[in-house]
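Enquirer: Here it is, the structure in full.
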Amino acid sequence: MSTISSELSSIDIDKQRAKLPNLGSAIRSQAAVSRAKIGNRPILDGIDCEIEQGEFVAILGLNGAGKSSLLRAIAGLMPLKSGSILVNDVPMTPSTRDRARQPLAMLFQGGGLIPQLCALDNVLCGKLGGFSGWQTLRGFPASERQNALELLDRLGMAEFASQPTRQLSGGQQQRVAIARALMRSPQILLADEPVTGLDIMAIQQVMKNLAHLHSEGMTIVTVLHDLALASTYAQTAIIVDRGRVVYHGSSQNLSAQFEQLIES
Ligand SMILES: Nc1ncnc2c1ncn2[C@@H]1O[C@H](COP(=O)(O)OP(=O)(O)OP(=O)(O)O)[C@@H](O)[C@H]1O
C-alpha cells in the first residue's frame with residue numbers, strides 16, 4: 001500500500017504554495033529530528049518547512065503523524081537531536097529559548113484552563129511568566145486586569161468574566177483560552193486542535209476569532225482535522241506524515257486531493 005508521503009512526494013510544493021506577501025520567515029525548521037522516538041523512528045524525522053510572517057497555515061495529517069509534536073517542537077517543548085528550529089530567525093536552543101519564545105503563544109489541545117478559576121483569572125494567567133514572584137503576590141496591576149477584560153470582550157466573553165470556567169461550554173472555554181494566549185501579545189499563535197469536540201456554531205466562532213487575529217497581522221499555525229475548515233480559513237496547509245512534512249502549499253482544493261490520496 002502506498003503511503004501518503006510517497007503519493008505526495010510528486011507534488012511540486014512551491015507551485016502549490018499560495019501567493020503570500022514576502023514579509024520574511026516567522027518559523028523555519030531545518031531537518032529537525034526529535035530526540036523522542038516511536039520504536040526506532042524519531043517522532044519528528046527531518047522536518048523541513050518555512051512559515052512566513054502573516055501566514056495562516058493549517059497542519060494536517062493522520063492520527064499519530066506528529067502534528068502536535070511539531071507544534072511542541074516549535075514552542076521549544078520537544079527537544080531536538082539534530083537540525084534546528086528558528087522563530088523570527090532566533091534559534092530554539094536552551095541558551096536562546098526565552099528570546100525565541102517571546103513572539104509565540106500556544107493554545108494547548110483542550111484549552112488547558114484551570115476549571116475552578118473564573119474566566120478573567122484564567123486570562124490573567126497568560127501573563128504569569130511576565131511577572132516576578134513578588135509582583136504576582138501583590139496581585140496583577142489594574143492595567144492588566146483591564147487588558148484581560150478587553151480581550152474577553154473582543155472574544156465575546158465579557159459577560160462570563162467572573163464565571164468559573166468549568167461552568168462554560170467547550171466553545172466558550174476555547175475562546176477564554178485564546179484570550180489567555182493573547183495576554184502575551186504574540187506575533188505568532190500556535191493552536192493545537194482548537195476546535196476538536198466543539199459544535200458547528202462554536203467551531204465557526206473560534207475559527208472566525210483566529211481569522212480576525214490573522215487579518216490583524218498575526219501568524220496563525222493551527223492543527224486541524226477538518227479539511228474543509230482548513231480550505232475555508234487557512235491560506236496554506238502543511239501535511240505531516242510519519243514525522244515529515246510531505247506537503248506545504250495552497251489549502252485550496254485540498255479536500256478532494258487529500259481524500260483521494262488516503263483512499264489510494
Ligand atoms: N514525548 C513523547 N515521547 C514518546 N512518544 C511521544 C511523545 N509525544 C508524542 N509521542 C508519540 O508520537 C506520535 C505522534 O504524536 P503526536 O501527538 O504528535 O501526533 P498527532 O499527529 O498530533 O496525532 P493526533 O491527530 O492523534 O493528535 C504518537 O505515536 C505519540 O504517541
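Coordinate-derived values only; no laboratory data. Just so it is clear, the model here is predicted, and its values are computed rather than measured. Because the Cβ atoms are built from the backbone with ideal geometry, glycine has one as well, and the counts that use them run over all protein chains shown.
Enquirer: Just to confirm my numbers, what's the Cα centroid distance between the stretch 96-126 and the stretch 175-244 in Å?
Expert: 15
Enquirer: Can I ask one more? With the Cα gyration tensor of the stretch 50-90 giving a ≥ b ≥ c as the square roots of its eigenvalues, does the rule (a/c under 1.5 for rounded; else a/b larger than b/c for prolate; else oblate) give rounded, prolate or oblate?
Expert: Oblate is the answer for the stretch 50-90, as a/c is 1.5 or above yet b/c matches or exceeds a/b.
Enquirer: Go through the stretch 28-40 residue by residue and turn each phi into a ³J(HN,Hα) via Karplus (6.51, -1.76, 1.60, θ = phi - 60°); whole Hz please, and just put x for glycine and proline.
Expert: In residue order, the calculated couplings are 10, 10, 10, 6, 6, 10, 6, 6, 6, 10, 10, x, 9 Hz.
Enquirer: Could you pull out the GluC sites (Glu not before Pro) across the stretch 169-264 that fall in loop regions by DSSP (anything but H, G, I, E, B) with no more than 12 other Cβ atoms inside 10 Å?
Expert: 216
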